[in-house]
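Right, one structure below, let's go through it.
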Amino acid sequence: MMNRREAFRALARLITDEIVVASYSSAFEWLGIAPRPLNYFSVGAMGLDSSHALGLALGAPEKRVVVLQGDGSLLMNLGSLVTIAAAAPQNLVHFVVQNGTYEANGSHPIPEAPVDFAAMARAAGYPQAQSFADLPAFAAALPALLAASGPVFAALHVTGDAALDYDYRGLYDPARRAAFQAALRG
């Protein structure tokens, strides 16, 4: 398995003007690595990050939208896979950060983990769905994943390396939301 922080660092090196959607643990980790106005953090929306990303992808088709969703979050809204596949947004890249736990809620294990999320995405109709557990392989595939016509799906088999500071007030600061809105308009 690869380290989540290192996987996010590899992704951050290639992010330019994409919208990045994340919630809970992925959001805190991403914000620490890549603070930027075009980060959209789903407020109190476990399971809805992929739905928010779909709305942004459809509403801003000229922008690439990248979602960093936890495996527990996706399990809470599996129907989003079918909805995203049916809408077929060309500009959506869907990463599921798979660590086998509901991390933000006390790291409780996901029942029957591991789940093959890439197979679920393929069965739902995603034209491309892969899994990565090796950082060099993931880093090498990233340029193609980010450039491909979507929706694109990739499950990232990860471990965390440090306890996260769940500063929800800071993450959901209204100034952060205002900066996101201004960046979309600009």
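The values are calculated or read from the model by the stated rules, or taken from the named source; none is laboratory data. Computed from a predicted model, the values in this text were never measured in an experiment. Backbone-built Cβ (ideal geometry, glycine too); neighbour counts: all protein chains shown.
Here is how the numbers come out for the structure above:
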| item | result |
| --- | --- |
| Residue count for the range 65-80, restricted to those that are crowded, with 22+ Cβ neighbours inside 10 Å and either touching a Leu at 6+ places or on another chain (Cβ under 6 Å) or touching a residue at least 40 places away in the same chain (Cβ under 8 Å) (or both) | 9 |
| Hey, Thr83 at pLDDT 95 or above and surrounded by fewer than 20 Cβ atoms within 10 Å (Cβ to Cβ) or not | yes |
| Residue that is modelled with the highest pLDDT [pool: residues in the range 43-53 that are touching a helix residue (DSSP H, G or I) at 6+ places or on another chain (Cβ under 6 Å) and surrounded by fewer than 24 Cβ atoms within 10 Å (Cβ to Cβ)] | Ser51 |
| Verdict on Ile19 being modelled with pLDDT of 95 or more, surrounded by 19 or more Cβ atoms within 10 Å (Cβ to Cβ) and under 11 Å from the mean Cα position of the chain (by Cα) | yes |
| Test: residue in the range 62-70 that is over 15 Å from Phe153 (Cβ atoms) and over 11 Å from the mean Cα position of the chain (by Cα) | yes |
| Flag if Pro136 is exposed (fewer than 13 other Cβ atoms within 10 Å of the Cβ), at pLDDT 95 or above and either more than 16 Å from the chain's Cα centre (by Cα) or under 18 Å from Leu54 (Cα atoms) (or both) | yes |
